[in-house]
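Written out below as structure tokens is the structure these notes cover.
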Amino acid sequence: VAAPGASVPLEIGLLGRAMNGAVRIEGPAAAWIEGANRQAVKKNIGERIALAFRLRMPDTINEGTITPFEVIIEEPDKEPRREQGVILIARTAGVLEAETAVIQKGRIEYREAPDLSGGGYVKVLDDGTLGFMTDAPVARRYALWLHARWEPEAEPRLRISAGDQPARELTTSYRPCDWQSAEQANTKMYQHYDLYTRHWGWYRIGDILLETGEQRLWIDLEKGADLDVAVIVPQTDAVDFAMMNLTQNWNYAPWDCPE
């Protein structure tokens, strides 16, 4: 997630088997790379390395624009491996990895999961509170999107407070409902055969009022909740539509998503 005109890092991590080749970036977003779009790679088996690219977003691009790119891993005598990514243009108040949160109370553990944002998530083993620091570029109304799941026996409830706003009690919902409700964290999901609890979903919470600058965001979760990442983006029609396209389509058939 990047703002118009911003210069942002793109880090690509490699681990596992030995490799002697290169990594390059292709696709529409490759035109925004500052410097070379290809880097040589030589690594030993089991070694973990990180490649750093940097992209500068166009100043005139509209918020809500989704721009794809491909990471291509090249090795001699092998078919190139292609991994897809997208950039959402939005003036975010934070992409908040759960493992970076301040644990205010409760028993909360970090679990590794390479396929999730940041390579891991937090599991709430006893009712607890996570604290994040947001940094709003402008004072406005934002939407909070949580990548989360709940165990079958857990109560799918949460409580949030941001800045000077009073705390809000919310329940999660995957059924057709009022997305403007201040009492629900909404998603869309194929709900049969217990998929609601076995798969991660993106939950939208609207009407987060933030002033310019840094403010604390608190999220209370009950036992049995898992949290991967929280994304705070402007609550506008364009950005809401883009986030729906990026997140809700994945919920219907997560087994069809790229690994």
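The values are calculated or read from the model by the stated rules, or taken from the named source; none is laboratory data. Remember, it's a predicted structure, so these values are computed and weren't measured experimentally. Neighbour counts run over all protein chains shown; Cβ positions are idealised from the backbone, glycine included. For accessibility, only protein heavy atoms count, side chains too; no ligands or nucleic acids. Shrake-Rupley method; radii C 1.70, N 1.55, O 1.52, S 1.80 Å.
Does the range 181-190 include one or more residues that are modelled with pLDDT of 85 or more, of a type outside the set (Lys, Arg) and farther than 16 Å from Met244 by Cβ?
Our first condition is that a residue be modelled with pLDDT of 85 or more; within the range 181-190, this holds for none.
Looking through the range 181-190, none of the residues is modelled with pLDDT of 85 or more, of a type outside the set (Lys, Arg) and farther than 16 Å from Met244 by Cβ.
Answer yes or no as to whether Pro137 is more than 15 Å from the chain's Cα centre (by Cα) and more than 30 Å from Gly163 (Cβ to Cβ). It would help to see each step written out before you state the result.
On the way: more than 15 Å from the chain's Cα centre (by Cα): yes; more than 30 Å from Gly163 (Cβ to Cβ): no.
No, not satisfied.
Does the range 51-67 include one or more residues that are at positive phi and in contact (Cβ under 8 Å) with a residue 40 or more places away in the chain? Scanning the range 51-67, I find at least one residue that is at positive phi and in contact (Cβ under 8 Å) with a residue 40 or more places away in the chain, so the answer is yes. Within the range 96-125, being hydrophobic (A, V, I, L, M, F, W, C), surrounded by 16 or more Cβ atoms within 10 Å (Cβ to Cβ) and more than 23 Å from Ile49 (Cβ to Cβ) holds for Leu96, Ala98, Ala101, Ile108, Val122, Val124.
A quick yes/no check of all residues on (1) in contact (Cβ under 8 Å) with a residue 60 or more places away in the chain; (2) within 30 Å of Arg140 (Cα to Cα); (3) touching a helix residue (DSSP H, G or I) at 6+ places or on another chain (Cβ under 8 Å):
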site	(1), (2), (3)
Ala31	no, no, no
Gln39	no, no, no
Ile72	no, no, no
Lys105	no, yes, no
Glu112	no, no, yes
Val124	yes, no, no
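For the range 44-63, the set of residues classified as touching a Lys or Arg at 6+ places or on another chain (Cβ under 9 Å) and either surrounded by 16 or more Cβ atoms within 10 Å (Cβ to Cβ) or basic (Lys, Arg) (or both) consists of Glu63 only.
Of the listed requirements (1) farther than 30 Å from Thr212 by Cβ; (2) within 19 Å of the chain's Cα centre (by Cα); (3) open to solvent by less than 70 Å² (accessible area, probe 1.4 Å); (4) not charged (D, E, K, R), Ala22 misses just one: (2). Within the range 124-139, can one find any residue that is at pLDDT below 90 and hydrophobic (A, V, I, L, M, F, W, C)? No - not one qualifying residue is present in the range 124-139.
Suppose the filter is of a type in the set (Ser, Thr, Tyr) and loosely packed, with under 13 Cβ neighbours inside 10 Å; does Thr67 pass it?
Details: of a type in the set (Ser, Thr, Tyr): yes; loosely packed, with under 13 Cβ neighbours inside 10 Å: no.
Judged against the criteria, Thr67 is not a match.
So which of Leu170, Leu158 is hydrophobic (A, V, I, L, M, F, W, C), modelled with pLDDT under 90, open to solvent by less than 40 Å² (accessible area, probe 1.4 Å) and farther than 23 Å from Arg111 by Cα? Testing whether each residue is hydrophobic (A, V, I, L, M, F, W, C), modelled with pLDDT under 90, open to solvent by less than 40 Å² (accessible area, probe 1.4 Å) and farther than 23 Å from Arg111 by Cα leaves just Leu170.
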